[in-house]
Amino acid sequence: MEDNQDLSFKLINPFPTSAQGNFGKDKIDSSVLLSLDVEYKYQFYDYCGKVVQEYKIPGSPEIHNCGGYIDKLFKYRSPSLKQYIQSIGVSPKLFNNSEQFPILSSRSPKLDYLIFQYIAYLRDNKICDRVKILDHGCTVAEHLDLLDILLEVDRGERAKDVLSYYGIDISALALFAAQEVHRDLDPLHFNLIHKEGSNLEFESSFFDITFSVGVVNYVKKPLNTLKSLFRSAKYASVLALWVTSGSEGFWSINHTGSNFYFFSLDDLKALEHELPEGRLLYSEFIPEEKTSQPSSYIGLGSDQTSTLGCYHLIFSKIDFCPLGCKPLI
């Protein structure tokens, strides 16, 4: 093999999405039964679209989620990442296109920064001594680790001293991993709850802050759950929420075979009207066609996908407004 031979790989989509998917049509034959078989594997294609090699991997989304988020947690715990944050400072600049640590430019850290700003506001104004937070769909509690770094670098505080953390998740495996990698935390202020995310039984204003990164879109009762997250937050709720620009929300199925609900703006307007003590803000909107997996939804064509996207959303019950946020409606 010659030394100068080009061995670089090129990412291609062997099955590009059609303009109109089966579920995007106005009329669907109700007699059609969908059978979905999900298989996980890496595939390598040649330029003609022929599979030249493939590697099958375990087919459990629970294992994938747990492993993926453990990987993220260990990235957060890297001393070099902490040094980088110290050199940049905790500001919007930190979360915009970091070539050295691209993970900081992803969705989850941007939401953590919004949560951090509320924590700082509540403590600076002596509203809360210890801030009680709910992580809805917590997986391995990786949000707590990044919040800990932001607090330490910017304020000289530690999460274990100023936060009371509650995490809820449907995965027993993820919660076991969360417990194992946070053994140093006081169990009085590190609470993990194993249940499906629709079953929120907390009193109104039980938490200071609630947050959820897309998990509300997956639960059995998304509208009721969103309302519960808003009501159980005393000061603010921070979310990544997938929406449609259509007049009505709708259910879809994603590539893992899970049901997924797209909220409509009318859904959100109705909630804001029903809960007048808060207002909806957003810091960013990311169209679905610009995400890393724009063809994740079974039966949806590119025409309908172009109407979808994710809001970085806040339901705020206080006058404080994080940097860069503006009213949703």
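Here are the numbers for the structure shown:
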read-out: Unmet requirement for Gln53, which otherwise passes all of (1) in contact with a strand residue (DSSP E or B) (Cβ under 7 Å, 6 or more places away or on another chain); (2) assigned to a helix (DSSP H, G or I); value: (2)
read-out: Residue among Ser283, Ser295 that alone is closer than 20 Å to His136 by Cα and either surrounded by fewer than 19 Cβ atoms within 10 Å (Cβ to Cβ) or in contact (Cβ under 8 Å) with a residue 60 or more places away in the chain (or both); value: Ser283
read-out: Selection count, the stretch 75-90, where residues are in contact (Cβ under 8 Å) with a residue 40 or more places away in the chain, farther than 25 Å from Gly214 by Cβ and either touching a strand residue (DSSP E or B) at 6+ places or on another chain (Cβ under 9 Å) or surrounded by 12 or more Cβ atoms within 10 Å (Cβ to Cβ) (or both); value: 2
read-out: Phe285 part of a strand (DSSP E or B), farther than 28 Å from Lys132 by Cα and out of contact with any Asp or Glu (no Cβ under 8 Å at 6 or more places or on another chain); value: no
read-out: Criterion (among the aliphatic types (A, V, I, L, M), surrounded by 19 or more Cβ atoms within 10 Å (Cβ to Cβ), in contact (Cβ under 8 Å) with a residue 60 or more places away in the chain and under 30 Å from Glu39 (Cβ atoms)) met by exactly one of Leu308, Leu313; value: Leu308
read-out: Filter result (of a type outside the set (Val, Ile, Thr), buried (at least 19 other Cβ atoms within 10 Å of the Cβ) and in contact (Cβ under 8 Å) with a residue 60 or more places away in the chain) within the stretch 235-264; value: Tyr235, Ala236, Ser237, Leu239, Ala240, Leu241, Trp242, Ser252
read-out: Single residue of the stretch 123-177 satisfying the filter (of a type in the set (Lys, Arg) and part of a loop (DSSP other than H, G, I, E, B)) that is farthest from Pro187 (Cα to Cα); value: Lys126
read-out: Search result, residues across the stretch 240-258 that are modelled with pLDDT under 90 and not hydroxyl-bearing (Ser, Thr, Tyr); value: Gly246, Ile253, Asn254, His255, Gly257
read-out: Only listed residue being at pLDDT 95 or above, among the hydroxyl-bearing types (Ser, Thr, Tyr) and part of a loop (DSSP other than H, G, I, E, B), chosen from Ser212, Ser237, Ser205; value: Ser205
read-out: Pairs with Cβ under 6 Å, 6+ apart, first in the stretch 108-127 and farther than 14 Å from Ile314 by Cα and at pLDDT 95 or above, second aromatic (Phe, Trp, Tyr) and part of a helix (DSSP H, G or I); value: Pro109/Phe95
read-out: Residue in the stretch 305-319 that is hydroxyl-bearing (Ser, Thr, Tyr) and within 19 Å of Pro222 (Cβ to Cβ) present; value: yes
read-out: Index of the failed condition, Leu200 passing every other in (1) in a strand (DSSP E or B); (2) among the aliphatic types (A, V, I, L, M); (3) under 19 Å from Lys234 (Cα atoms); value: (1)
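The values are calculated or read from the model by the stated rules, or taken from the named source; none is laboratory data. The structure displayed is predicted, hence computed values, not measured ones. With ideal geometry, Cβ positions are generated from the backbone for all residues, glycine too; neighbour counts draw on all protein chains shown.
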